[in-house]
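Peer 1: Take this structure first; my questions come after.
The values are calculated or read from the model by the stated rules, or taken from the named source; none is laboratory data. As the structure is a prediction and not an experimental result, all values here were calculated from the model. Cβ atoms come from the backbone with ideal geometry, glycine included; neighbour counts cover every protein chain shown.
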Amino acid sequence: MNKFITLTVLLLALLRALPAADAPPPGSIASSEFPSLKVGPVTLQQVAFHDALTGKNDHFGCLLVDIEGRVVTHAQSKVWLFTGSQPPGSRGNEGWISHARELDLATLRAEPRRQILSVQPNDRWATVHLAVRVDEQTCLLFFSTGKLIRAAVGPSPSGPFKVDPEFQIAASQPWEGDGPLESDPGLVPIRNDDQEFRFWKLYDMLGTTEGNGWAEVAFDKPTRRVHLVRKHPANPVPLRLPGRLTARTGGTVDRSFLVDGRYLMLYLSKPDIKTYLMSAALSRDPLFQVIDENVELDGPRGGELVIEKFQWVVWEGELYVFYDTGSKEGDWRTGLRRYRVTR
């Protein structure tokens, strides 16, 4: 009898220690006072907010996409999440490395992260901001170095990855000045065949300047090398609103969520040096050379100071917006805002 009582008490203690199936991850904030956001004829009613989805020192890089720019899901509700962190001992804004892990959209539970990139010689960072699954044996990464953009190729989202020694996107157009340039999670396919996958890749100029540009990139399948073909002659993308300092760090251009038949791009707009706003542009052109609507939506919330690098995925009828967020304490994290869509 004593053994039975002891076992029962132990089981009850274990059950109490288990997290509830619908319990929010660390850093989540629940509220019934979220604002409704209007994007064209669509209303986005925010239903959840997480300012540290995967904890501290784990800033958002991107979600894995396919060759159409759509976020790749597997095992029904899982996606591949790429994040960056600073190793112990890093000084200032230096030394960022990248990790990959699986994240379950249904529960928002993340697997332990695995390092996939380290800082290359003479670089400052290795932060992934575009990951593309070309086929079942090929994954491309585009990462920021603090000066320019490099590429790496691997057999799976978790690697191992080999950095292409020759590929780079560096400042060369007048609007880019001396850079530095950063990768963004935006992709528009041009063509794909047995020999080559060619696409437009989104990038931005880091800092308070013009904003985003497109680079035409080719992946040679037989050699598994990455090549910069050219930059779009109409760069920069005309996202910047009148009176704004910049419009940059855009992301996610695909057909999985159209607003009145138009593509959606979320990007950062800055009315002044200290203000960061998530903004939305709509265009019938996937390269956003002509913009139909352009509106600033929402700013930092809670302990956030910075919000940028937006990438969205539609899952179970709701819009999940992932982004990079910097806290008032100087910690960079992965943020998530989830919206119910009404028309």
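Peer 1: Filter the range 307-320 down to the residues that are of a type outside the set (S, T, N, Q) and either touching a residue at least 60 places away in the same chain (Cβ under 8 Å) or buried (at least 19 other Cβ atoms within 10 Å of the Cβ) (or both) and list them by number.
Peer 2: The answer is I307, E308, K309, F310, W312, V313, W315, E316, E318, L319, Y320.
Peer 1: With polar (S, T, N, Q), surrounded by fewer than 19 Cβ atoms within 10 Å (Cβ to Cβ) and over 21 Å from A52 (Cα atoms) as the only criterion, which of S256, S283, S269 stands out? Steps first, answer last, please.
Peer 2: Details: S283 fails: surrounded by fewer than 19 Cβ atoms within 10 Å (Cβ to Cβ); S269 fails: surrounded by fewer than 19 Cβ atoms within 10 Å (Cβ to Cβ).
One residue alone meets the criteria, S256.
Peer 1: While we're here: Look through F167, F199 and report the one residue that is touching a residue at least 12 places away in the same chain (Cβ under 8 Å) and part of a strand (DSSP E or B).
Peer 2: Details: F167 fails: part of a strand (DSSP E or B).
Only one candidate qualifies: F199.
Peer 1: Another question, then. Going through G84, G186 one at a time, which residue ends up being closer than 22 Å to A247 by Cα, assigned to a strand (DSSP E or B) and among the small types (G, A, S)?
Peer 2: Values: G84 fails: closer than 22 Å to A247 by Cα.
Among G84, G186, only G186 is closer than 22 Å to A247 by Cα, assigned to a strand (DSSP E or B) and among the small types (G, A, S).
Peer 1: Of everything in the range 66-84, what is surrounded by 17 or more Cβ atoms within 10 Å (Cβ to Cβ) and in contact with a Leu (Cβ under 6 Å, 6 or more places away or on another chain)? Give them in sequence order.
Peer 2: G69, V71, V72, V79, W80, L81, listed by residue number.
Peer 1: Which of the residues that make up the range 279-316 are of a type in the set (G, A, S) and at pLDDT below 95? Break it down stepwise before answering.
Peer 2: Taking the range 279-316 as the starting set, the residues that turn out to be of a type in the set (G, A, S) are 279-281, 283, 299, 302-303.
G302, G303 - these are the residues of the range 279-316 that are of a type in the set (G, A, S) and at pLDDT below 95.
Peer 1: I'm trying to understand the selection: among the residues of the range 114-130, which are of a type in the set (A, V, I, L, M) and either surrounded by fewer than 24 Cβ atoms within 10 Å (Cβ to Cβ) or under 16 Å from I169 (Cα atoms) (or both)? It would help to see each step written out before you state the result.
Peer 2: At the first step, the residues of the range 114-130 found to be of a type in the set (A, V, I, L, M) are 116-117, 119, 126, 128, 130.
Passing the criteria: V119, A126, V128, L130.
Peer 1: Okay, next question. Of the conditions (1) free of Cβ contacts under 8 Å to residues at least 12 places away in the same chain; (2) under 27 Å from G146 (Cβ atoms); (3) in contact with a strand residue (DSSP E or B) (Cβ under 9 Å, 6 or more places away or on another chain), G89 clears all except one; give me its number.
Peer 2: (3)
Peer 1: Could you please let me know if V79 is in contact with a Phe, Trp or Tyr (Cβ under 9 Å, 6 or more places away or on another chain), under 26 Å from E318 (Cα atoms) and part of a strand (DSSP E or B)?
Peer 2: Values: in contact with a Phe, Trp or Tyr (Cβ under 9 Å, 6 or more places away or on another chain): yes; under 26 Å from E318 (Cα atoms): yes; part of a strand (DSSP E or B): yes.
Spelling it out, V79 is indeed in contact with a Phe, Trp or Tyr (Cβ under 9 Å, 6 or more places away or on another chain), under 26 Å from E318 (Cα atoms) and part of a strand (DSSP E or B).
Peer 1: Continuing with the same structure: Within the range 170-181, is even one residue buried (at least 16 other Cβ atoms within 10 Å of the Cβ), in contact (Cβ under 8 Å) with a residue 60 or more places away in the chain and either within 21 Å of the chain's Cα centre (by Cα) or part of a strand (DSSP E or B) (or both)?
Peer 2: no
Per-residue answers, yes or no, for (1) of a type outside the set (D, E, K, R); (2) without any contact (Cβ under 8 Å) to a residue 40 or more places away in the chain; (3) out of contact with any helix residue (DSSP H, G or I) (no Cβ under 8 Å at 6 or more places or on another chain):
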position	(1), (2), (3)
E210	no, yes, no
D220	no, yes, yes
S256	yes, no, yes
L264	yes, no, yes
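Peer 1: Pull out all pairs, ordered by first then second residue, where Cβ-Cβ is under 6 Å, the residues are six or more apart or on different chains, the first lies in the range 100-126 and is farther than 17 Å from A75 by Cα, and the second is assigned to a loop (DSSP other than H, G, I, E, B) and of a type in the set (V, I, T).
Peer 2: Pairs that qualify, where the first residue is farther than 17 Å from A75 by Cα and the partner is assigned to a loop (DSSP other than H, G, I, E, B) and of a type in the set (V, I, T), are D123/T145; W125/T145; A126/V119.
Peer 1: Among L103, L108, which is the only one that is hydrophobic (A, V, I, L, M, F, W, C) and in a strand (DSSP E or B)?
Peer 2: Working: L108 fails: in a strand (DSSP E or B).
The conditions single out L103.
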